[in-house]
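Novice: Pasting in a structure now, in structure tokens, and then I'll have a few things to ask.
We did not get these values from a lab; they are worked out from the coordinates using the rules stated. Everything numeric in this text was worked out from a predicted model, so none of it was measured. Every residue, glycine among them, receives a Cβ derived from its backbone with ideal geometry; neighbour counts consider all protein chains shown.
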Amino acid sequence: MLAIFKREIRAYFVSPIGYVVIVLFLLFSGYFFSFQYSLGSPDLSFVFSQMFSIVLFVIPILTMRLMSEDKRLKVDQALLTAPIRLSSIVLGKFFAAMVVFLIGFSGTLVFQLIISAYVSPNWIVYFGNLLGILLLGSALISIGIFVSSLTESQMVAAVASFAISLFVMLLDTFAEIINISIVKKIADWVSFLGRYEAFTNGIFDYSNVVFFLSFAAVFLFLTVRMLEKKRWA
């Protein structure tokens, strides 16, 4: 897994993708922070809540090449026949994407330190928000990896991941429009926005942690099964 992880980290930074993703996260979070800072608020929850939509749109860029590029270059054949666990391949790629994602949000620590120069910020709330964004990112990255494993086209993988992300973002809206009790209950249960907002509101609920981790585990498992199918084929 470590070899795959190092390979993917290197690939992110020998191509523009890693830099583009990090710059986008830093630019948008910096913009939201500047707005909040102008209001004199010492709480970064606003920044994290506004980054929800940005994360949904940027993660497809982060994940589009993870599996599809190997298929396009026929490198996947070597990986599938190598004496390495398929789960190690998937997890190596997943953790590489998570590291780039985390770097993209490293600017929030700088923002928190700027605030601490003037007031005593609530670090527990900050780390709760950071945990929330990382859990959200892990779920969306796992979806992106799975989608990328289905095609050798990075563009197709990005568009498909974007479509899924858009559906996730609009799920609550769809439920309100349909206005059917059972549909609204299901939408509330699987709502990424609702569960993520709990973190930005300073509410730590173990069920939300389990939900995002389980969601990520399911799609990583599906990706492993997809690779297993190709190996035996």
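Novice: From the phi of every residue in the stretch 124-133, what ³J(HN,Hα) in whole Hz does the Karplus formula 6.51 cos²θ - 1.76 cosθ + 1.60 yield, where θ is phi - 60° and glycine or proline is x?
Specialist: Karplus values, whole Hz, x for Gly and Pro: 5, 5, 4, 5, x, 5, 5, 4, x, 5.
Novice: Here is a follow-up. Pulled fully out, how much extra length does the chain show between Leu73 and Ile124, if you take 0.36 nm times their separation in residues and subtract their Cα-Cα distance?
Specialist: Computed gain between Leu73 and Ile124 is 13.8 nm.
Novice: What number, rounded to the nearest 500 deg cm²/dmol, is the helix-based mean residue ellipticity at 222 nm of the chain, given -39500 (n - 2.57) per DSSP H run of at least four residues and division by all its residues?
Specialist: When only DSSP H runs of four or more count, the value is -27500 deg cm²/dmol.
Novice: Separate question: Want the number for Asp43 to Ala117: 0.36 nm per residue separation, take away the alpha-carbon distance, what's left?
Specialist: Residue separation times 0.36 nm, minus the Cα-Cα distance, leaves 25.3 nm.
Novice: Compute the helix-to-body angle for 154-178: its Cα long axis versus the longest principal axis of the chain, expressed 0 to 90° and rounded to tens.
Specialist: Taking Cα atoms only, the helix is inclined about 50 degrees.
Novice: Need the full-extension length gain, Tyr206 to Ile178, defined as separation in residues times 0.36 nm minus the C-alpha distance. One decimal, nm.
Specialist: 7.1 nm
Novice: Averaging sequence separations of C-alpha pairs under 8 Å and six or more residues apart, then dividing by the length of the stretch 134-233, give the relative contact order as a whole percent.
Specialist: 44
Novice: For the chain, calculate the relative contact order in percent as a whole number, restricting contacts to Cα pairs under 8 Å that are 6 or more residues apart.
Specialist: Over the chain, the number comes to 29 percent.
Novice: Taking the Cα centre of the chain as origin and charging only Cβ (+1 Lys, Arg; -1 Asp, Glu), how large is the dipole, in debye to the nearest 20?
Specialist: Computed about the Cα centre, the dipole is about 920 debye.
Novice: Could you pull the Cα extents of the chain along its three principal axes, largest to smallest, in whole Å?
Specialist: Dimensions of the chain along the principal axes of its Cα atoms: 58, 46, 29 Å.
Novice: So, in nm, how far is label Leu222 from label Phe35 when the simple model puts each one 7 Å beyond its Cα toward the Cβ?
Specialist: In this crude label model, Leu222 to Phe35 measures out at 3.3 nm.
Novice: Rank Phe25, Gly92, Leu39 by how far each Cα sits towards the positive end of the charge dipole of the chain (+1 on Lys, Arg Cβ; -1 on Asp, Glu Cβ) and give me just the farthest.
Specialist: Towards the positive end, the residue furthest out is Gly92.
Novice: If you don't mind, there's one more thing I want to ask. What list of ³J(HN,Hα) values in whole Hz, one per residue of the stretch 214-228 in order, does the Karplus curve 6.51 cos²θ - 1.76 cosθ + 1.60 (θ = phi - 60°) give from phi, with Gly and Pro shown as x?
Specialist: Karplus values, whole Hz, x for Gly and Pro: 5, 4, 5, 4, 4, 6, 5, 4, 5, 5, 4, 5, 5, 5, 4.
Novice: Among Phe219, Phe52, Phe127, whose mean-square fluctuation peaks in a Gaussian network model of the chain (Cα, cutoff 10 Å)?
Specialist: In this elastic network of the chain, the residue with the biggest mean-square fluctuation among Phe219, Phe52, Phe127 is Phe127.
Novice: Of the candidates Ile145, Ile186, Ile17, which one comes out as most mobile in a Gaussian network treatment of the chain with C-alpha springs shorter than 10 Å?
Specialist: Its mean-square fluctuation being the largest, the pick is Ile186.
Novice: Right, next: Ranked highest first by average number of other Cβ atoms within 10 Å, how do 59-70, 205-216, 150-161 line up?
Specialist: Ranked from most to least packed, the peptides come out as 59-70, 150-161, 205-216.
Novice: For the stretch 3-12, take each phi angle, set θ = phi - 60°, evaluate the Karplus expression 6.51 cos²θ - 1.76 cosθ + 1.60, and give the result in whole Hz per residue in order, putting x for glycine and proline.
Specialist: Whole-Hz 3J(HN,Hα) from phi for the stretch 3-12: 5, 5, 4, 5, 4, 6, 4, 4, 5, 4.
Novice: Moving on. Setting aside same-chain residues fewer than 8 positions from Lys229, which aspartates and glutamates have a Cα under 19 Å from its Cα?
Specialist: Counting by Cα, and skipping residues close in sequence, Lys229 has these aspartates and glutamates nearby: Glu69, Asp70, Asp76, Glu152.
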